[in-house]
């Protein structure tokens, strides 16, 4: 009986391993961001810095469950491509949205908003940010009431 | 003995399913691209079209094993973010490179190059392309010799 069990475990391990080998996080966690404009754990990796050819920066942001950025706006807007997990995205005066792996969020210039992970799931996104109109404008913290509502 | 086998299969299935549920392709396959500027199967999904706010387009390209684009160049350059699989990238006069999940390739404006999947593995990437200097300039097919070398 033990033999049958071992064989079935080996068989299933061999069937699932090739799938798992290509899975897991796409990007390394990168540099843990100091808690200046967010609460919780956030890691950032820059994929390309804006320059004279590419007038936008591209970064990967990885949020642990419960982590969220402060309210902010982008003078040039920003596009978020969710690559893992489940997060929140909220624009001022609108209800909080749930955003998931494979979804794309376009933040228009000057729109006050915040985004982050849900309490139960982390979230990872690739952000592209036009650079020519200036850097992120940071506002105030997301309150617990706003986060949990 | 059969019971032990069933139990072990159920146990392993329950252990591996939560991992697999968040895995698999991030993006749907999108629209199969007609074979005008490539050989093999390539699917394209536009994540954002360039406009007056975002002066770059973002697309997902999914290549079956063996699929590759023709030689081409981008007047405004292009950045590729490999999100799945293993592919090739080659610039004119340079050796063919292997590119893998998590890697980023920056193609400078006007540089003749091609990219695609390897014969054994498909590849998926997110491409961002500055739009203001014009569209892709298509050149000639990648020969079997160039592809296999």
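All of the numbers you see were taken from the coordinates with simple rules; none came from a lab. From a predicted model like this one, the values you see are computed outputs, not experimental measurements. In this analysis, Cβ positions are derived from the backbone assuming ideal geometry, glycine residues included, and neighbour counts consider all displayed protein chains.
Per-structure values
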quantity: Order of A:101, A:68 under a 10 Å beta carbon neighbour criterion, fewest first; calculated: A:101, A:68
quantity: Spin-label model distance (nm) - residue B:36 vs residue B:97, 7 Å beyond Cα toward Cβ; calculated: 2.9
quantity: Label distances, nm, residue A:35 versus same residue in remaining copies, Cβ-directed 7 Å point; calculated: 5.8
quantity: For residue A:119, label point 7 Å along C-beta direction: distances to other copies, nm; calculated: 5.5
quantity: Other copies of residue A:149: label-to-label distances in nm, shortest first, labels 7 Å along the beta-carbon direction; calculated: 6.2
quantity: For region A:44-149: rounded, prolate or oblate by the Cα gyration tensor [a/c cutoff 1.5]; calculated: oblate
quantity: Spatial separation of Cα centroids for region B:84-149 and region B:21-57, in angstrom; calculated: 15
quantity: Two-site label geometry, residue B:141 and residue A:53: point separation in nm, points 7 Å out along Cα→Cβ; calculated: 3.0
